[in-house]
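Here is the structure we will look at.
The values are calculated or read from the model by the stated rules, or taken from the named source; none is laboratory data. Remember, it's a predicted structure, so these values are computed and weren't measured experimentally. No Cβ is skipped: glycine too gets one built from the backbone with ideal geometry, and neighbour counts run over all protein chains shown.
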Amino acid sequence: MKDLNWWILKIYRFSAFVLLVSLVLYIVSGYGMTKGLLDDGASKWLHLNLLPIIIAVAFTGHVSIAMRITMMRLKIWNKVTAAMLILVFALFLGGFIYIEYFYNPVNANGRAAQRQSQNIEKTVVLDDSSAEKVFTAEELAQYNGLNGMPAYAAIDGIVYDLSGVFTDGMHNGIPAGQDNTEAFYIKHMKEILLKHPVVGKLTE
């Protein structure tokens with residue numbers, strides 16, 4: 001019958017293999033989203049939904065066992081250090097799962113985020129050339145970052161020139177030339193928009 005150390009060694013080696021493969025796929029799927037190496041839908045699902053949790057679990061298993069081995073070699077492995085190690089990695093994995101699947105920065109900030117957005121909007125001043133520019137959805141779609149066109153995107157009804165952010169018309173799997181309000185707030189806070197020029201407004 002296999003003892004505990006045999007199973008720990010197997011888990012250690014298997015988690016290293018899973019971690020290596022997952023990291024390679026994470027990089028490839030990232031390029032699939034931004035460079036079009038793979039199908040955009042499959043790349044986004046792998047990169048944003050499946051691979052993060054696999055990497056987190058494999059990392060937790062591999063590193064925790066490595067730390068256990070190190071502590072045993074240093075002769076500091078006991079019930080106290082074992083409990084501390086379990087607590088640290090349980091908090092890490094639990095926190096990751098919460099942030100990845102349950103935490104919503106927009107909902108978490110609530111009214112404070114709305115007030116902050118309103119204050120930021122007050123600081124946005126359209127220049128003379130863009131003050132009267134109102135884009136329809138069809139007009140905005142022309143500025144898709146392809147074929148030499150700049151990459152525009154609408155956030156909260158304001159159209160920004162995000163050419164420095166989009167690559168070949170894509171950013172994190174999201175295309176330019178459309179209203180990207182919902183997708184923007186999943187990953188960003190509104191302050192980041194202060195770095196980019198305003199070119200007009202999106203008509204309702």
Practice prompt. Answer yes if at least one residue in the range 15-31 is surrounded by 15 or more Cβ atoms within 10 Å (Cβ to Cβ), aromatic (Phe, Trp, Tyr) and within 21 Å of the chain's Cα centre (by Cα), and no otherwise.
Written response: yes
Discussion item. I'd like the residue in the range 137-179 that is assigned to a loop (DSSP other than H, G, I, E, B) and in contact (Cβ under 8 Å) with a residue 60 or more places away in the chain and, out of all such residues, is farthest from residue 27 (Cα to Cα).
Written reply: 168
Worksheet item: Among 81, 123, which is the only one that is modelled with pLDDT under 90 and of a type outside the set (Gly, Ala, Ser)?
Response: 123
